[in-house]
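The values are calculated or read from the model by the stated rules, or taken from the named source; none is laboratory data. Since the structure is predicted, the reported quantities are computational estimates derived from the model, not experimental observations. Cβ placement follows ideal geometry from the backbone for every residue including glycine, while neighbour counts extend to all protein chains displayed. Accessible surface is based on the protein model in full, side chains and every heavy atom, while ligands, DNA and RNA are left aside. Shrake-Rupley method; radii C 1.70, N 1.55, O 1.52, S 1.80 Å.
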Amino acid sequence: MQGLRWHLNNNIDSDSIKIIDRVQSAIKSLKPNKRDSFYDGTSDMYRNSPPNFSENLAKILRQSFIHIVLPDTVLLCTLMPLIKDNLDDITRSDNYRAIAGGCLLLKVLDLVILSIEGDKLSTDTLQACKQNTGTSTCTWMVTAIVDNFTRDGNAVYGAALDMSKTFGMVQWTELFETLLNHGIGILIIRLLLFIYTNQQFTV
């Protein structure tokens, strides 16, 4: 991780500094009535703000990219446990999954980054779950394949890999190096690295 930080801090030039002019479109794309995890407000507050709000917010985000700093309150997320199966034992911790609610300003930052570098973050064509698709699409595809083989009298064999609880074992250093190899702006990667190493959670 230290080697990655050195590389990022020593390979910055004036061309790396992107002018953030996409804040207004990022705010408009926020889903309505989404509550902030820390501040008393919802996404409607952003969506109905006057034009000078997005202009000032763009200045703040630009400085965040350059100076690698965000307030602690922006980096605070709230983990909310949700029951997986209501028919199962609700006293078992394995019957819960956590979703994270974050600061709306951090969501705006995510959308701005995606608008700048989204063309470099495309997924593999074989990936089934993509934007505007759900698990029903994947289920239909599997069913169609099975039907195709069984109609011809062929046996169908399936294999499943249980990847539960692997998220915490991801090597984040490799993720940032992958972003770097995809040509993502160094200032953006440096800020993302700051966010990942300084984010705090409450439950």
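Things worth noting here:
- Here ILE90 meets the list (1) in a helix (DSSP H, G or I); (2) modelled with pLDDT of 85 or more; (3) of a type outside the set (Lys, Arg); (4) open to solvent by 80 Å² or more (accessible area, probe 1.4 Å) almost entirely, failing just condition (1).
- Looking across region 42-84, the residues that are open to solvent by less than 20 Å² (accessible area, probe 1.4 Å), in contact (Cβ under 8 Å) with a residue 60 or more places away in the chain and more than 19 Å from ALA100 (Cβ to Cβ) come down to SER64, PHE65.
- Among residues of region 174-203 that are more than 14 Å from ARG62 (Cα to Cα), those with a beta-carbon under 7 Å from a residue that is open to solvent by 70 Å² or more (accessible area, probe 1.4 Å) and aromatic (Phe, Trp, Tyr) at least six positions away or on a different chain give the pairs TYR196/TRP172.
- With respect to the conditions (1) more than 26 Å from GLN24 (Cβ to Cβ); (2) in contact with a Phe, Trp or Tyr (Cβ under 6 Å, 6 or more places away or on another chain); (3) part of a loop (DSSP other than H, G, I, E, B), THR123 falls short on a single one, namely (2).
- Conditions (1) open to solvent by less than 60 Å² (accessible area, probe 1.4 Å); (2) in contact with a Phe, Trp or Tyr (Cβ under 8 Å, 6 or more places away or on another chain); (3) within 29 Å of ASP21 (Cα to Cα); (4) in contact (Cβ under 8 Å) with a residue 60 or more places away in the chain: number failed by ALA100: (1)
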